[in-house]
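The values are calculated or read from the model by the stated rules, or taken from the named source; none is laboratory data. These figures come from a predicted structure and were not determined experimentally. Glycine gets a Cβ as well: all are built from the backbone with ideal geometry, and neighbour counts include every protein chain shown. Please note that ligands, DNA and RNA were not included when accessible areas were found on the heavy atoms of the full protein model with its side chains. Shrake-Rupley method; radii C 1.70, N 1.55, O 1.52, S 1.80 Å.
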Amino acid sequence: MADRVTVIGWDGSPLTAAARAALGAATLVAGAAHHLALPEVPPAAERIRLGSVALAARRIAGHRGTAVVLADGDPGFFGVVRTLRAPEFGLEVEVVPAVSSVAAAFARAGMPWDDAQVVVAHRRTLRRAVNVCRAHTKVAVLTSPGAGPAELGLLLEGVHRTFVICEELGTTREQVTVVTSDKAADHTWRDPNVVIVIGGPVGPVGPVGPVGPGVAAGGGGWIAGRDPGTGPRGWALPAELYGGDLGEGEAELLRAAQLARLGPRVGDLVWDIGCGSGAFATEAARAGAAVIAVDQDLAACARTEFAARGFGAQLQIVRGTAPHVLENLPEPDVVRVGGGGAAVVSAVADRRPQRIVTHAGTRDAAELIGRDLTEHGYQVECALVQSVELDTRAWTETERSVAFLLSGLLPDRTP
């Protein structure tokens, strides 16, 4: 095992005295080509061109001497430190950090970033990174080959965002470009790059279009990322906050049960089909998920837009009739079917989301939906949900709601 392993961050600035001293004593240096070309790298040191960090870690673990790993930015922030410290390698490391590429990107843009979400986009995580960009007004995306600005822009089709693309930060080829998300695929971008994705949609797309303004921060915040205290406390909020007169599938207790079954979270894409007042869609968006709300009724789309704006929620509205309108929507993680019956549930199950919830007014309808979900490979649960509102002054019944709540879980889909 190496006698000493030092990880040095590099942001294009002159190396610190501590970094120079560690490099001067190194008998093995690992890094990208531009790191290994630094004049401070000892000519006699063994050099490893970083491709797979895990392979480099094995080489370092078997090295007898002093090792240095060079990495861009802060190597402890989505960097090589995590891999080097993994139990299978047994490496203890000292870290000399530099300015992270995310901090540098926001500095180039002249923007604060304590309210930004930060995600890493690889080919396997690109879809979830895009969902975060759908759901939040300021996101920094650490990209990779095959999951860069062009791919982000293509997957954000129908959702307007502004991209600040920072290429090769800290080098002589550094370049910062501002484009709209729909234009990002028209260019070839150099790696490595960081993309700052900002803003809510501006202007309609389709009959209603995506909605939800960016929320301007007044004064200082108290927590990095998304403030969890935004908006009223609680879930399945009263009908009055959504304009009253909700549909039969939007009663508070039924909505609470639907949210509990689906568990929307950051990185998910939620479909809300038959969005009605927008109550469910808005509350799923408040949980941090990306939401596409679908309804054929123009008034329902307008109510959903109003509800989302009222809570500062980011979501996209698509007006159309299910199941046909669903064909061109991006892959969902979880789906609520608020209207359309068994035919729509079957079309949704064909897309293989991990969880589906819906409701039925009769046992026969519930059995039909349950059989179809079972045939699609879902584990099905059904419960008869009854809620009775009481006037507590006289303890008399004011309203009753009864529905069959059905939920399906796809066992072979990763949660």
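Figures for the structure shown
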| quantity | calculated |
| --- | --- |
| Separation of alpha-carbon centers, the stretch 363-415 and the stretch 128-170, rounded to whole Å | 38 |
| Equivalent ellipsoid semi-axes, the chain, via Cα gyration tensor eigenvalues times 5, rooted, Å | 49, 23, 19 |
| Ratio Rg/Rh, restricted to the stretch 278-352 and using Cα atoms, in which Rh is the Kirkwood radius | 0.95 |
| Packing rank of 344-352, 136-144, where each peptide gets the mean count of other beta carbons within 10 Å, highest leading | 136-144, 344-352 |
| The stretch 23-161 - charge dipole about Cα centre, Lys and Arg +1 at Cβ, Asp and Glu -1, debye rounded to 20 | 460 |
| Accessible-area composition of the stretch 221-346, carbon plus sulfur, in percent [1.4 Å probe] | 54 |
| For the stretch 254-404: rounded, prolate or oblate by the Cα gyration tensor [a/c cutoff 1.5] | oblate |
| In Hz, Karplus ³J(HN,Hα) per residue of the stretch 315-325 (6.51, -1.76, 1.60; θ = phi - 60°; x = Gly, Pro) | 8, 10, 10, 10, 8, x, 9, 7, x, 4, 5 |
| Separation in nanometres of the label points that stand 7 Å from Cα toward Cβ, at Arg47 and Arg190 | 2.0 |
| HN-Hα J in Hz across the stretch 355-364 - Karplus 6.51, -1.76, 1.60, θ = phi - 60°, x for Gly and Pro | 9, 9, 10, 7, 9, 9, x, 10, 5, 4 |
| Net charge of neighbours whose Cβ lies under 15 Å from the Cβ of Asp364, counting Lys and Arg as +1 and Asp and Glu as -1 | 0 |
| Mean separation of Cα contacts under 8 Å, 6 or more apart, over the residue count of the chain: relative contact order % | 11 |
| Among 84-95, 184-195, the order from most to least packed when residues are scored by Cβ within 10 Å on average | 184-195, 84-95 |
| Summed side-chain charge close to Gly153 - residues other than Gly153 whose Cβ falls under 9 Å, Lys, Arg +1, Asp, Glu -1 | -2 |
| By average C-beta atoms within 10 angstrom, highest first, the peptides 238-249, 116-127 | 116-127, 238-249 |
| Label-to-label distance, nm, for residues given as Arg233 and Thr172 (7 Å Cα→Cβ offset) | 5.9 |
| Cα gyration tensor, the stretch 240-324 - rounded (a/c under 1.5), prolate or oblate | rounded |
| Calculated FRET efficiency for the pair Arg123/Ser387, C-beta based, R₀ 45 Å, to 0.05 | 0.50 |
| Difference of contour (0.36 nm per residue) and Cα-Cα distance, Ala17 to Ala394 | 127.9 nm |
| Per residue value of the accessible surface for the stretch 1-138 (all protein chains in place, 1.4 Å probe), Å² | 48 |
| Tensor-based shape of the stretch 8-92 (alpha-carbon gyration tensor, a/c under 1.5 rounded, otherwise prolate or oblate) | oblate |
| For the chain, size of Cβ-based charge dipole, Lys and Arg +1, Asp and Glu -1, in debye | 1200 |
| Most mobile of Gly370, Gly338, Gly24 in a GNM of the chain (Cα contacts under 10 Å) | Gly24 |
| Alpha-carbon centroids, the stretch 325-356 and the stretch 242-318: separation in whole Å | 15 |
| The stretch 106-146, relative contact order in percent, only Cα pairs under 8 angstrom and at least six apart counted | 45 |
